[in-house]
Amino acid sequence: MLRLSLISFTLFCCLMARAQILRQAIPDKTVVLTFDDAPASQYSVVAPLLKKYGLGATFFVCEFPPNYKDSTLYMNWRQIRELDKMGFEIASHTRSHAKVASLTKPQLIEELTYIETKCYSLGIAKPANFAYPGYSLSPLVVSTLNEQRYTFARAGGGRPYDPLKDHPLLVPSWATNSTNKEEIMQALGQAKDGKIVVLTIHGVPDIEHPWVDTPPALFNEYLQYFSDHDFNVLSMKELERYVNVTEAKKKLSPDYNLPLRN
């Protein structure tokens, strides 16, 4: 009888924790689209295709060195502001695509503040979410993001995001490229049972970094697949419909043993 009572109590606690972290049940086929590094093709190719399919997304922007001023390679802030006006989320990828694990806390805050200030000056909402450049991270970076009141932070890892296990500042994702369509399609099949597939996408195409290039035809194929199969496609910000981040941060400790790089 005592054993049964303990089992019942444990189950009750698990259900309560679940109810507090989740605002509502997460539909199967939920996918989050995120775009890194601000290559020019995100404005010229990605945004029109997303609007065509009626899909949301998050753009993690930075001033990518050394060629940021070359508008044929990277978006300028006028174009980033246009993305915001189109309804897409603008979020932070640091000013200089910094390897944040090697920064001091003041250096990291300076990188974050620069993007926040640029957004403010252009009437763009203060970035609430963050993506680790090159998936570089550390406990200091995570704690600093938390102090600076960032909501979600996206890492790597090649596995689905489980809001009941993964800390909101350590959200795993898959990165697309020109050769891993089979891997991405298999990943999309894991968007079920409360788990969310987050995709990291770079240029479409990516001229400067061909190892993370996603060809426009392949990108369109993914979007058509989402449309044909009734996927629930979100930005990072829209995850707050389902995840009570305040409760998740209270109840979940960052687990650095889980895969967060790939």
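The values are calculated or read from the model by the stated rules, or taken from the named source; none is laboratory data. In this text the structure is predicted, and so the values were computed from the model without any measurement. For neighbour counting, all protein chains shown are included, and Cβ atoms are generated from backbone atoms with ideal geometry for every residue, glycine included. Keep in mind that these areas ignore ligands, DNA and RNA; they rest on the heavy atoms of the full protein, side chains included. Shrake-Rupley method; radii C 1.70, N 1.55, O 1.52, S 1.80 Å.
Points to keep in mind about this one:
- Candidates 154, 149, filtered to the one that is open to solvent by less than 30 Å² (accessible area, probe 1.4 Å), closer than 22 Å to residue 80 by Cβ and out of contact with any Leu (no Cβ under 8 Å at 6 or more places or on another chain): 154
- Evaluation of residue 158 against (1) in contact with a strand residue (DSSP E or B) (Cβ under 7 Å, 6 or more places away or on another chain); (2) on the phi < 0 side of the Ramachandran plot (one fails), failing number: (2)
- Of all the numbered requirements in (1) touching a residue at least 24 places away in the same chain (Cβ under 8 Å); (2) more than 18 Å from the chain's Cα centre (by Cα), residue 257 misses one, and that requirement is (1).
- Residue 233 vs. criteria open to solvent by less than 60 Å² (accessible area, probe 1.4 Å), under 17 Å from the mean Cα position of the chain (by Cα) and closer than 20 Å to residue 167 by Cβ: no
- In region 104-139, the residues that are within 22 Å of residue 67 (Cα to Cα), of a type in the set (A, V, I, L, M, F, W, C) and without any contact (Cβ under 8 Å) to a residue 40 or more places away in the chain: 108, 112, 119
- Hey, residue 206 open to solvent by less than 50 Å² (accessible area, probe 1.4 Å), acidic (Asp, Glu) and closer than 15 Å to residue 174 by Cα or not: no
- Per the conditions (1) open to solvent by 70 Å² or more (accessible area, probe 1.4 Å); (2) without any contact (Cβ under 8 Å) to a residue 60 or more places away in the chain, the sole criterion not satisfied by residue 214 is (1).
- Test: residue 256 is farther than 21 Å from residue 134 by Cα and either out of contact with any helix residue (DSSP H, G or I) (no Cβ under 9 Å at 6 or more places or on another chain) or aromatic (Phe, Trp, Tyr) (or both): no
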